[in-house]
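Let me begin by presenting the structure, written as structure tokens, before commenting on it.
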Amino acid sequence: MASPMVVNVMLAVHEKKTAAVDLYRPLRQYIATTFSEREAQANEDDLQAVRQMRSDLENPSPTAPSPELRRDLLQHYFRALALIEPRFPISPDRSHVHSFVFTWHDAFKPNKKVSLPSIHLEKAAVLFNLAAVYSQIALSADRSSPAGLKQACNSFQAAAGSFAFLRDQAAAKAAAAGATLDLSPECTSMLERLMLAQAQECFFEKVIADAKPPGLCSKVARQVGLYYEEAYAAITGPPLNQHFDRTWVSHVQLKAAQFYAEACYRYSLELHEKEEIAEEIARLKIGLGALTDAKKSAKGVAQPLIDAVSRLESNMNRNLERATKENDRVYLMRVPAAGSLSALPGASLVKSTAMGEVLDANKERLFSGLVPDSSTKALSKYTEMVDDIIRTQAEKLQQGSEITRVKLKEMDLPDSILALEGNISLPMDLKEDIEAVQISGGPSGLEAELQQIRDLRRVNQELLVQTEELLQKEANEDTQFRTQFGTRWTRPQSSTLTKNLQERLNRFAANLKQASDSDTRIERAVKDNAALMAILDRKPKAYQKVYDWQFIFCLELWTGVICAYSSEDDFRPLAYPLTQIIYGVASLVLTARYFPLRLRCVRMLNRIAGATGTFVPVSSLLLGMLEMKELKRPPTGGVGKAVNLPNVKQVDKTTLKTRGFQEACIYSVVEELAEHLSQWSYSVAFFELSFIPVVQLRNFCKYTKADRFRREIKELIRQVEANCDFTNSKRIGIEFSPSDPAAASFLKAEKESGSSPLSKFVANLHLKAQQRVDSMVESRLSEMREQDDDDGDAEEGAAVFSSSWLPEKKSKVRGEKKRSKKRSHEKEQDVGADEDVVEDLVLSSDDDEAPVGGLPSDEEDHESESPSLKQEGWKRKLATSPKQKNKKHKLATASSKNRSKPRIKKAARRGANK
């Protein structure tokens, strides 16, 4: 049935107060200085108009002009400010309009004010006052009549549109300049929700007056409650929770509860008509509970609002009593629990009015003589036309160049012309291409590059899949919460929020597929032309001019100089070219045999980075090693000997397949990568620097089959993540950006004390590495002592044999000595590349010289050892050839069998001599 017209209590916003500002004099002085006095006189009328508008804004007439006139003044003044902003630069700069200082008080806390030379503050305050005037117009309308109700509803929507325009166009700039809190995006959003709630409330009054069906009234009332609930959530949350008066908070809270109960009440009327008495009772109880809770905290609320709530509560109690009696006597239905009921639907009949057209300044003529709008538009149109012509011609040129290139390729030009001119040698461009291929390792290096591309494609595909899973998980959670909370879950649809991300994801997937197709074509072309490209391996290895101990020692020497004198102005600029050279040496040959040299280069780069405080991206060199197949697949060469990587520059193919080589590489990568990251473990950007390395380390753990390697990598990942937590916890409270010079002082005290998790982890790694080296050296010395004992026994047996058993054939023995020396010298020159061989001195005299054969060439594997180790090997006889070992074994056996006889003969000779 129709209800009597009830006018509810609503809120309006007061205008912000301001102080007087003289706009005329500074603007006129700027025009006269920048343009001319003539221009200043020509714009005199516009300057006077701006002065009058600002004066009317500051001092309303005593006769209290109508809110409509005040609204028109604010709109006109805002359009004037929009024209002033691009023509008059307002800032503290002396060459700008620098004498403006706009002062505005907070609308909700008048004792707070701000004074700034910012036109953004002026525009934001004018927009706020415009929205406040709209709310006052709506509040002053007579809502007891249909015309007044319509005017109030439209004005509330215009107020909401003004607050929305302020939030989107001016609030951020004003807040950045230091405006009061009432101009912040949070406050304007809350006020927009409040104005929409009151506009929807006007519609509710209309549907009640028109005696609309209870179901429609329930939907309209529910939407009013939702708008009030959003406003209440904003006004009680930071940063507004301490800004508004308590009466505002109580009013919004009680309104939200009132219209939620009103929706339950109207919906219960519809349920009663359908004879769904059980749900009717449940809805009435829920609404009454909401009213009871809200009334407990309703302090300082207007009495008419309390009366309206009391009337609603009385009606609901009466209907509840009636429904309960009917259910007990007639229907006997079980009343459902509150949690089992679906959320009440809402129906929004209002929206924020678009203010862009109302506040558009294009039709204003203020200061048009300074920068004519027609000239600006003509220039813009001419610029666009020129850009279109240039773009079209550039596309045509690109297409023509592509067609010409294809035609020349088909006719084998210009190489054919060079051949006809008598240039028999290869063209210079072709020579450079061949040299580049040879430097990169020839076809085998190309295969390594292709393998790296495949690995990178796999990593990118995994990242793409992980991103898709995260988006799908977020969508599932949104669907779950939307089903659980119903209309209370007011967040936009997940598909709407993630639309841009999904589009970018689809583009990335298409790019990956296109790149994969291109890689497939390249691999097919390489495979088809493998026989022809094999000739590139037959040329001398030019890279060995770089991979030479002399060149490497020079790099280490310069690295030491730069690190020692990094603070000197003359030496510091040399760090960059030296880093480029070392990086190029490390990337020259991408094969596993040169891992030791790459690690040596990484150590040099880490030293330079630590001494100069400059970031050097060495993680790509180390992580690229983990992608090599030699470290991913299980070793096929057995355990092998321990490899001391710092003392060699390359290893042979047999060592590549051993477990010892894999362990040495993994431990070295972990140590150097931790050393690199620890240098930046106190940086404010450590989380960003370590993100990609952590992702690639996790991929290695996923695919490696060796548990010992997985443990080492996971420990490194844990330490990096702990350091991320360490730096992130410290940078939460900072206010500077990473490019700010103040970032250099970030964690300065912690850096001096070395308290980051990575620093402690690196110190532990260094200790373990030193223990491994000591163990390796001790094992090597033990082997050398055993070998020296064996060599001594063999030499003693040979001496006894030559002096005791064949005394009559001295000349033959001497000849045998010479031939043995000659043969050993020849064997030294013919020895293989896999190990260093020392000349056998079993049958030589003590006066024979040490071997003087030439060192192996650069193309042999044994040159990979450092010169100091080579000399130590020659002196201590670290290795012997198989033939020499057999000869020593035979001589030692003969010596042990006949040891007693030579001693008897020696004693007899000594007695005869005496």
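The values are calculated or read from the model by the stated rules, or taken from the named source; none is laboratory data. These numbers were taken from a predicted model, which means no experiment stands behind them. We place every Cβ from the backbone using ideal geometry, glycine too, and count neighbours over all the protein chains shown. Protein only, heavy atoms only, side chains kept; ligands, DNA and RNA dropped before computing areas. Shrake-Rupley method; radii C 1.70, N 1.55, O 1.52, S 1.80 Å.
What FRET efficiency comes out for residue 718 versus residue 751 if R0 is 22 angstrom and r is the Cβ-Cβ distance? Round to the nearest 0.05. Mind dumping the intermediate values first?
Working: r = 21 Å, r/R0 = 0.97.
Working from the Cβ atoms, E equals 0.55.
Here the alpha carbons of the stretch 65-139 define both size measures, Rg and Dmax, at 14.1, 46 Å.
Relative protection proxy for 40-46, 651-657, from highest mean packing down: 651-657, 40-46 (other beta-carbon atoms within 10 angstrom). Taking amide hydrogens as placed 1.01 Å from N in the peptide plane, the amide H of residue 102 sits under 5 Å from those of 116, 118, each at least 5 positions away in sequence or on another chain. For the stretch 263-269, backbone phi angles converted through the Karplus equation (6.51, -1.76, 1.60; θ = phi - 60°) give residue-by-residue couplings of 5, 5, 5, 5, 5, 5, 4 Hz, Gly and Pro being listed as x.
Largest accessible area first, the listed residues 595, 165 line up as 165, 595 when surface is computed with a 1.4 Å probe on the assembled protein chains. Hydrodynamic estimate: the Kirkwood radius of the stretch 504-594 over Cα pairs, inserted into Stokes-Einstein at 10 °C and 1.306 mPa s, corresponds to D of 91 µm²/s.
Shown in residue order for the stretch 229-239 are the 3J(HN,Hα) couplings computed by the Karplus curve 6.51 cos²θ - 1.76 cosθ + 1.60 at θ = phi - 60°: 5, 5, 5, 5, 4, 6, 6, 9, x, x, x Hz (x for Gly and Pro).
Figure the gain on full extension for residue 390 and residue 98 (residue separation times 0.36 nm, minus the Cα-Cα span) and round it to one decimal in nm. Please list the in-between numbers first.
Numbers: separation 292, 0.36 × 292 = 105.12 nm, distance 4.15 nm.
Roughly 101.0 nm would be gained on extension.
Here the 3J(HN,Hα) profile of the stretch 566-577, calculated from phi with Karplus coefficients 6.51, -1.76 and 1.60 at θ = phi - 60°, is 5, 7, 7, 5, 7, 9, 4, x, 7, 5, 5, x Hz, Gly and Pro shown as x. Full extension of the chain segment joining residue 766 with residue 463 gains 105.7 nm, where the gain is 0.36 nm per residue of separation less the Cα-Cα distance. A Förster radius of 60 Å, combined with the Cβ-Cβ distance separating residue 531 from residue 115, puts the computed FRET efficiency at roughly 0.15.
Proximity of backbone amide H atoms, modeled 1.01 Å from N, is registered between residue 618 and no other residue at under 5 Å, excluding neighbours fewer than 5 places apart on the same chain.
Listed cross-link partners 150/212; 113/173; 16/296; 274/296; 296/325; 545/632 are compared with a 23 Å cut-off, the Cα-Cα value being larger for 16/296; 274/296; 296/325; 545/632. When peptides 287-296, 585-594, 397-406 are ranked by their average number of other Cβ atoms within 10 Å per residue, the highest-first order is 585-594, 287-296, 397-406.
Applying 1/(1 + (r/R0)^6) with R0 = 22 Å to the Cβ-Cβ distance of residue 554 and residue 574 gives a FRET efficiency near 0.95. Modelled this way, with points 7 Å down the Cα-to-C-beta line, the labels at residue 278 and residue 521 are 6.9 nm from one another. Gain on full extension, evaluated as 0.36 nm per residue between residue 483 and residue 587 minus their Cα-Cα distance, stands at 31.9 nm.
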